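Student: Here it is: the structure, laid out below.
Taken together, the values in this text are just the output of simple stated rules run on the coordinates, not laboratory data. Since the structure is predicted, the reported quantities are computational estimates derived from the model, not experimental observations. Cβ atoms come from the backbone with ideal geometry, glycine included; neighbour counts cover every protein chain shown.
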Amino acid sequence: MKIRGFVVLLFLVAFAFAPAKLNAQGTYSSKLISPKLGQVLHHGQQFRIEWAPTFPNIHLNGSEMEIWLSLDGGRTFTTWIAFTGVTNRYYDWTVPNMPTNAAVLDIRFGREMPYYPETYSPQPASTFVIR
């Protein structure tokens, strides 16, 4: 019975300190450099999406980033653009034929093993236009 109590106590202590460990790792964020707020892009245009990421304090091997597009001002992100490596700071994109006055990009980060949850970084401050 003493061993069972010890195991339960150890389990509770481990979970009590888990959030502090996650916070100590820092968080992911990204700042979109281009496109800029109000910029007009045309379907079929080759355009360089550029960003400046800030990563959590973890080893980045096995990590990935994804770029997603919203056509409704960032309410939903239904269009996947690309996977990209964490060392990349840009992606050359062919603008799709999806006209909108409220295009927003989301630069996501995550890792499968060891697990780091997919973290979103939508960029509504850089809403742009697709014609």
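Student: Here is a list of conditions, (1) exposed (fewer than 13 other Cβ atoms within 10 Å of the Cβ); (2) of a type in the set (Ser, Thr, Tyr); (3) in a strand (DSSP E or B), and residue 76 meets all of them except one; can you say which number that is?
Tutor: Single failed check for residue 76: (3).
Student: Let me ask something additional. Considering every residue within the stretch 52-66, establish whether at least one is under 23 Å from residue 131 (Cβ atoms) and loosely packed, with under 12 Cβ neighbours inside 10 Å.
Tutor: no
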